[in-house]
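Asks: Handing you a structure now.
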Amino acid sequence: MDTPVSVSQDHLPVRAPDLTGIIASLRSVQMELNSPVRAIHQVPAAEGSYEDVPASLDPRLKAALNRRGIARLYTHQVQAFEAVAGSRNVVIATPTASGKTLSYNLPVLNSALRDASVRALYLFPTKALAEDQLQELQRAIEETGAEIGVFTYDGDTPQDARKAVRHRANVVLSNPDMLHSGILPHHTRWARFFENLRYVVIDELHYYRGVYGSHLANLLRRLKRICAFYGSSPRFICCSATIANPRELAEALVEAPFELIEKSGSPRGEKYFIFYNPPVVNRQLGIRRSYLKEARRVALEFIERDLQTLVFGNSRLATEVLITYLKDACERGPAPAETVRGYRGGYLPRERREIERRLRDGEIRAVAATNALELGIDIGTLDAVVMAGYPGTIASTWQRAGRAGRRLGTSAAVLVASSAPVDQYVIEHPDYFFGRSPEHAHINAENLEILLAHLKCAAFELPVREGEKFGPHDTGELCHFLEERGFLHHSAGAFHWTADSYPANATSLRAVSSDNFVVVDITGEPEAIGEVAYSAALTTLHEKAIYLHEARQYHVERLDYHDRKAYVRRVNCDYYTDAIDYTHVKILETIESQPMAGVERVHGDVRVNRQIVGFKKIKFYTMENVGAGNLSMPEQEMHTTAFWLHFPADFLARFGEYAPAQRQSGITGLGNALRTVAALLLMCDPRDLGFAIGEEATATFEPNLFLYDVYPGGIGQSAPLFRLAPELLRKTAELVAHCGCEAGCPSCVGPAGEIGERGKEVAERILAELTG
């Protein structure tokens, strides 16, 4: 019989939900012509793989495990314990609910029980997850009877409690933002903690990619620098969802070698994974039935059978709509409306804890949630998960699906696709999803703006000595540059911080540049409600734009470019805006190039000149273009990195039956589809990649199709695209071929009205030549 691994698996006995009727019904629907059920994938139950508890484990911990009924550990937990005991950095990449928490808690608590001076820092991406893990740790410590101080330290920690945390905590649970602005700049108050810092745990490692990951890598450089100053050298323990390169990502973030543990020893309950694509209601435009209404319909099938169900929406707006739909439906039938609840950011902590408790105790039948419940917060046993829209990555999708069946019982997960191109690719290619995760997480810790921002923070924390390195970089030239700008002063062989400002406050871990626009809501009393990075401001905050904040819609009344402010007013509308830009890309330097099927694939440095000339109104959910407007905005210039395809004249001559304008339309449609699939492969938002077409200065038409990083300096996405080009083209061909529209739609190459009547046809021909 399988033994539990942590207290979060012990609350309720395993019950066997009856999913037989639903699965049989779905299988019959799957047999119909043009069925919305695209796949039913059965993940069979699997037995656990166990090893004896390590002999070096403290007797008090062994006794605590025995009281929970844990006589043996999963194999991956023992491997992690031995790796940490051997002073090795370790990254654990096993599935959801496989006991990763115990994998890092055991070695940390074992060391703290042996040596009261040991300190550990746990970093979580959200405060809610840190709070949940705090409860788990405190329960484990109580069972040992030892006095080990465990505290959260974040923006919610009262000022009068912070001193006690600094002096009494053996384990501090925090987040990267607090480490950046609240701990490292005040390291002298944490001297004892840093002197004895033995372990740094980074949970949900796969979240740290792109800009956020690039910032974290530099933040960890600062952390290791402070530790070296106090004479410590901590081991790093990282946990990740299943991605293609967990060790590579951990090593890029920490800049140290890691041991990878990815074979899980935990048992697994039977799970049915259903892919559902809402039926097409307008074939010509590629418009499908509302995915939110379909998600509600699927969820009600489970609720009516008394199956505890979690419904995920991808935004606050979608989640609130789903809550309304489900409550209305339950009032007329299967369950009392009060047993359907919502869960998202913005709820008070007390309210969230109450919902979590009632879920564990089985009092709530259904919850509609944002990604706030995607992480490992303990909510007990669930029978079914319904996802309204693809979460954006395979890792996140499995993480959400893993919220059901966490205690070995049979469970179901249903993915209901929206009309977005990424959703349509995944739902029509179940083999891509259910095979080995092809997603890679990438960062660029050497982005100059990010690097300089953290070097300023590092100089504020400790003077930068001559010859000192920051990561692999010699800091001399960079420090002289900052000295010329008035931030540093060179004296006694070191660069000292002299500016009046507090550099950590000027650096957001989620943006490249600190030159942000402030968004001011003028619906009532003027109130600042957010910030938008300079690079994104002109596309999202232009006058007449619909600005989305917390899934609320605001109409931009005025953009004050000089003072970096946008004035917005709350509105209710069924569309959002998408900027139309004129972009010119100039190649500055070619880093790599290689011929491929008659074209040339290249990546290198480029200069992007971009001007916003108008905007489109895009209807929510159906992605229809319902209007447009003209704009005249200042031009932006940016140096960044790009991947591009160069189409020589002799390659385009193969398509002589098409007019030059039609060939250009085909390349435009190809670019739209390539950007969608590139975002899928890179685990990034499609908006992190820009798309443009440029021409070589030749007598004939020889265009370049550019996919470029939209952040100054780039965040490391062009080199992977260069390497992945054959796979990128193959999967793009599959996306376009499997789309049921006639001449183009938002789910593949773009609407026919934007790319021309034969744009899809030409794009398919080009892809056939490139992949044949």
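Asks: Mind listing whichever residues of region 737-766 are hydrophobic (A, V, I, L, M, F, W, C), surrounded by fewer than 24 Cβ atoms within 10 Å (Cβ to Cβ) and in a helix (DSSP H, G or I)?
Replies: Within region 737-766, 737, 752 qualify.
Asks: Out of the residues in region 39-71 that are touching a Leu at 6+ places or on another chain (Cβ under 9 Å) and of a type in the set (D, E, K, R), state the one that is most open to solvent (accessible area, probe 1.4 Å).
Replies: Per the criteria, the residue is 52.
Asks: Looking for whichever is open to solvent by less than 50 Å² (accessible area, probe 1.4 Å), modelled with pLDDT under 90, touching a Phe, Trp or Tyr at 6+ places or on another chain (Cβ under 7 Å) and among the hydrophobic types (A, V, I, L, M, F, W, C) here; the options are 533, 537, 545, 511. Which one fits?
Replies: 537
Asks: Separate question: Of the residues that make up region 283-305, is at least one within 21 Å of residue 30 (Cα to Cα), in a strand (DSSP E or B) and among the hydroxyl-bearing types (Ser, Thr, Tyr)?
Replies: no
Asks: Looking only at residues that are open to solvent by 30 Å² or more (accessible area, probe 1.4 Å) and aliphatic (A, V, I, L, M) in region 245-266, which one is nearest to residue 77 (Cα to Cα)?
Replies: Top of the filtered list is 260.
Asks: Which residue, of 523, 590, is modelled with pLDDT of 90 or more, open to solvent by 60 Å² or more (accessible area, probe 1.4 Å) and outside any strand (DSSP E or B)?
Replies: 523
Asks: Next question, about the same structure. Go over the candidates 478, 538 one by one and state the one that is assigned to a helix (DSSP H, G or I) and more than 24 Å from residue 180 (Cα to Cα).
Replies: 538
Asks: Can you tell me how many residues within region 306-321 are part of a loop (DSSP other than H, G, I, E, B), buried (at least 21 other Cβ atoms within 10 Å of the Cβ) and small (Gly, Ala, Ser)?
Replies: Residues that pass the stated criteria total 0.
Asks: Another question about this same structure. Looking at 149, 155, which is the one that is modelled with pLDDT under 90 and either more than 26 Å from residue 453 (Cα to Cα) or open to solvent by 40 Å² or more (accessible area, probe 1.4 Å) (or both)?
Replies: When all the criteria are applied, what remains is 155.
Asks: Restricting to region 622-639, name every residue that is open to solvent by 70 Å² or more (accessible area, probe 1.4 Å) and either in contact with a helix residue (DSSP H, G or I) (Cβ under 9 Å, 6 or more places away or on another chain) or not in a loop (DSSP other than H, G, I, E, B) (or both).
Replies: Residues satisfying the conditions are 625, 626, 628, 630, 637, 639.
Asks: Considering 396, 315, 411, which residue is modelled with pLDDT of 75 or more and touching a His at 6+ places or on another chain (Cβ under 9 Å)?
Replies: 396
Asks: Looking only at region 405-464, how many residues end up being open to solvent by less than 20 Å² (accessible area, probe 1.4 Å), over 22 Å from the mean Cα position of the chain (by Cα) and among the acidic types (Asp, Glu)?
Replies: So the count comes out to 1.
Asks: Same structure, new question: All but one of (1) open to solvent by 10 Å² or more (accessible area, probe 1.4 Å); (2) modelled with pLDDT under 95; (3) farther than 25 Å from residue 103 by Cα hold for residue 231; which doesn't?
Replies: Unmet for residue 231, out of (1) open to solvent by 10 Å² or more (accessible area, probe 1.4 Å); (2) modelled with pLDDT under 95; (3) farther than 25 Å from residue 103 by Cα: (2).
Asks: While we're on this one: Report the residue count in region 182-217 for those that are open to solvent by 30 Å² or more (accessible area, probe 1.4 Å) and at pLDDT 95 or above.
Replies: The number of residues fulfilling the criteria is 7.
Asks: Next question, about the same structure. So residue 48 fits all but one of (1) within 32 Å of the chain's Cα centre (by Cα); (2) of a type outside the set (S, T, N, Q); (3) not in a loop (DSSP other than H, G, I, E, B); what number is the exception?
Replies: (3)
Asks: Which residue pairs have Cβ atoms under 6 Å apart, sit 6 or more places apart or on different chains, and have a first residue in region 568-586 that is free of Cβ contacts under 8 Å to residues at least 12 places away in the same chain and over 21 Å from residue 529 (Cβ atoms) and a second that is of a type in the set (Asp, Glu) and open to solvent by less than 70 Å² (accessible area, probe 1.4 Å)?
Replies: Short answer, once both residue conditions are applied: none.
Asks: For residue 707, are the conditions met, namely being assigned to a helix (DSSP H, G or I) and buried (at least 17 other Cβ atoms within 10 Å of the Cβ)?
Replies: no
Asks: If I filter region 23-38 down to residues being under 32 Å from the mean Cα position of the chain (by Cα) and under 27 Å from residue 95 (Cβ atoms), which single residue comes out as surrounded by the most Cβ atoms within 10 Å (Cβ to Cβ)?
Replies: Out of the qualifying residues, it is 26.
Asks: Here are the criteria: (1) without any contact (Cβ under 8 Å) to a residue 40 or more places away in the chain; (2) under 23 Å from residue 220 (Cβ atoms). Tell me which single one residue 126 does not satisfy.
Replies: Single failed check for residue 126: (1).
Asks: Another question, if that's okay. Condition first: more than 24 Å from residue 641 (Cβ to Cβ) and buried (at least 24 other Cβ atoms within 10 Å of the Cβ). Now tell me which residues in region 718-735 satisfy that.
Replies: Result: 735, single match.
Asks: If you go through region 676-689 one residue at a time, do you hit one that is out of contact with any Ser or Thr (no Cβ under 6 Å at 6 or more places or on another chain), open to solvent by less than 50 Å² (accessible area, probe 1.4 Å) and not in a helix (DSSP H, G or I)?
Replies: yes
Asks: Could you look through region 371-393, keep only residues that are surrounded by 22 or more Cβ atoms within 10 Å (Cβ to Cβ) and among the polar types (S, T, N, Q), and pick out the one that is modelled with the lowest pLDDT?
Replies: 381
Asks: Would you mind finding the one in 740, 744, 666, 750 that is of a type in the set (Gly, Ala, Ser) and more than 30 Å from the chain's Cα centre (by Cα)?
Replies: It is 666.
Asks: I've got another one for you. If residue 573 satisfies all but one of (1) within 28 Å of the chain's Cα centre (by Cα); (2) surrounded by fewer than 18 Cβ atoms within 10 Å (Cβ to Cβ); (3) farther than 27 Å from residue 417 by Cβ, what's the number of the condition it fails?
Replies: The single condition residue 573 does not satisfy is (3).
The values are calculated or read from the model by the stated rules, or taken from the named source; none is laboratory data. All of these numbers come straight from a predicted model, not from anything done at the bench. A quick note on method: Cβ atoms are made from the backbone with ideal geometry, for glycine too, and the neighbour counts reach across all protein chains shown. Surface accessibility is based on the protein's heavy atoms, side chains included, excluding ligands, DNA and RNA. Shrake-Rupley method; radii C 1.70, N 1.55, O 1.52, S 1.80 Å.
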